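Enquirer: A single structure is presented below for examination.
We did not get these values from a lab; they are worked out from the coordinates using the rules stated. Everything numeric in this text was worked out from a predicted model, so none of it was measured. Cβ atoms come from the backbone with ideal geometry, glycine included; neighbour counts cover every protein chain shown.
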Amino acid sequence: MSRGDDRSQSSVIGIVLIIGITLTVAVATVAIGGSVIGNSQQDSRIAQAEQAMAQFDSKASQVALGDATRQEVSLGNTGGSYQVDPDAGSVTIVHEEWEDGAEPETIYEGSLGAVIYRSDDTEVAYQGGGVWRSDPEGAARMVSPPEFHYQGATLTFPVITVRGSGMVSGDTRAKVSRTGPSQPLFPNGSASYGESGPPYANPVENGTMKAEIQSEYCEGWRLYFQQRTEGDVSSCEDDTVTASLETLGDRGDIDVIGGSELNLRGVENVTEFEITFTEEGSGDGSGFSNFEWSMHGESDDGELLEFYLTAPQGTTSCGDSIRAVVYYSPDGGETFESWTDEESFEIDCDDDTESVTVDFLGDVEMTYEEADEFTGGGQGQALPAYRGEENQFVEDAPDLENDEIGTVVKHYLDDIGSIDLDIEEGNQAGIGDASGGVIDYEGGGHIITYLHITENEIEIEFR
């Protein structure tokens, strides 16, 4: 074969290659372009569905909350389908530990229902007064917030339940109707805890209030709870999330006799904390010679706290002072901090009756010092960490504004927030039945004081 023939053959092959590459690029461009256009159209449909659902949310809320008896809204033609599912999701509201040893009280339990838009693998749904979006590649997120509001220790939850049936596509309109008046669930004078307990009334006292949502859009609900409630919010397990809010604990008059208990919840900004001990009613006639008193406990996070009071060893008399110790450990006693005052709380004698008043928010100066050498003067009711050499004293004191007992006590109570404190007294401590105290404080961000729950049912019809 001649070189001319070789050159001719090469030209033909080159032309074929060029044509093949051109066709390949063209096909790829068409395929990619088609995919981009398809994705763009899908994104546009979902965006339109979100806007339509947000408008539906506004109209539905007006009906559910009593501003209108019915509303009609255009959902447009977004290429997907709409469905009413009355069994989609549920809500349960439970009050735990409303009374010591009592079974949890279920305030409300029922289905939420939903209006759901579907296009391919994406859903946009109206549920619980909010709008949620669920994509196959990620967790559900919130488009607009539900009718669940928490502000200033007040929880307002108008439960909106969706009823109806049917599925439609194309140009769709939805009519929203109220099926009846709003039903009060809490407060509710006709309902009570247990068989014969207190009525469903505000302020909410004792224990923990929990709102549990079961929903395909659980992750969206969870993020909303985290952002808005400041309470304890669980992770989503089996499409279920729980938001917990504590009630304020004991406030007002408190019992200080040995064997009593003080339950503190959500402590923030203690405004009053004072105890008066008197030998009146003690029955032993020995006064405060063996006076020893302790209020101590451990938080759920393993923090130890104790307020310890004791008289000097030996016989006491009017004008003698009792010793005060404030003890704190962040780690169950491995390390601890302690403050002591030797002689600021004097024993008074009025009509030959000994008494002593301890203002835990007063201006008595405390000394930051190791307490493991402290042996006390009475029956030794203090926590073991006062005497155990294995516990390490933290040398650096907390950075406080001053060393007054009020500053110290507020610091630790605010830091712990919630704790159950047991009250003990030594044998023949001289503490009479007339002894007593008072404590008051404000609540932190995870506290519930007032609860307002109503059930609001709406019916959905497609046109």
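Enquirer: Can you check what the net charge comes to around GLU343, using other residues whose Cβ is under 9 Å from the Cβ of GLU343 (Lys, Arg +1; Asp, Glu -1)? Provide the component values of the computation, followed by the final result.
Expert: Working: positive: ARG323; negative: ASP320, ASP341, GLU342, GLU346.
Net charge in that neighbourhood comes out at -3.
Enquirer: Would you mind calculating the gained length between VAL394 and THR357 on full extension (0.36 nm times residue separation, minus the Cα-Cα distance), in nm to one decimal?
Expert: Length difference between fully extended and current span is 10.3 nm.
Enquirer: Same structure, new question: Sorting check: for 95-108, 431-444, 78-91, which peptide has the highest mean count of neighbouring beta carbons within 10 Å, and how do the rest follow?
Expert: Values: 95-108: 15.3, 431-444: 18.1, 78-91: 19.6.
Sorting 95-108, 431-444, 78-91 by mean packing, highest first, produces 78-91, 431-444, 95-108.
Enquirer: Please compute, over every Cα-Cα pair in the range 130-206, the percentage with a separation greater than 19 angstrom.
Expert: The calculated P(r) of the range 130-206 puts 64 percent of pairs beyond 19 Å.
Enquirer: Using a Förster radius of 51 Å, what is the FRET efficiency between ASP348 and SER235 based on their Cβ-Cβ separation? Nearest 0.05, please. Can you show the working numbers first?
Expert: On the way: r = 56 Å, r/R0 = 1.09.
After rounding to 0.05, the efficiency reads 0.35.
Enquirer: Related question: Could you work out how much longer the chain between GLU280 and GLU96 gets when fully extended? Use 0.36 nm per residue separation minus the Cα distance between them, nm to one decimal.
Expert: Difference between extended and current length: 62.4 nm.
Enquirer: List the residues, sorted by chain then number, that are 5 or more residues from THR454 or on another chain and whose placed amide H is less than 5 Å from its amide H.
Expert: PHE157, VAL159, LEU185
Enquirer: Report the label-to-label distance for THR179 and GLU461 in nanometres (one decimal), using points 7 Å from each Cα along the Cα→Cβ vector.
Expert: 1.5 nm
Enquirer: Amide H neighbours of SER435 under 5 Å, counting only residues 5+ apart in sequence or on other chains, H built in-plane at 1.01 Å?
Expert: Placed amide hydrogens put THR278 under 5 Å from SER435.
Enquirer: So, R0 is 30 Å and r is the distance between the beta-carbons of GLU369 and ALA201; what FRET efficiency does that work out to, to 0.05?
Expert: Calculated transfer efficiency: 0.05.
Enquirer: Say R0 is 41 Å: what FRET efficiency, to the nearest 0.05, do SER192 and SER317 get from their beta-carbon distance? Mind showing how you got there, number by number?
Expert: On the way: r = 54 Å, r/R0 = 1.31.
With a Förster radius of 41 Å, E is 0.15.
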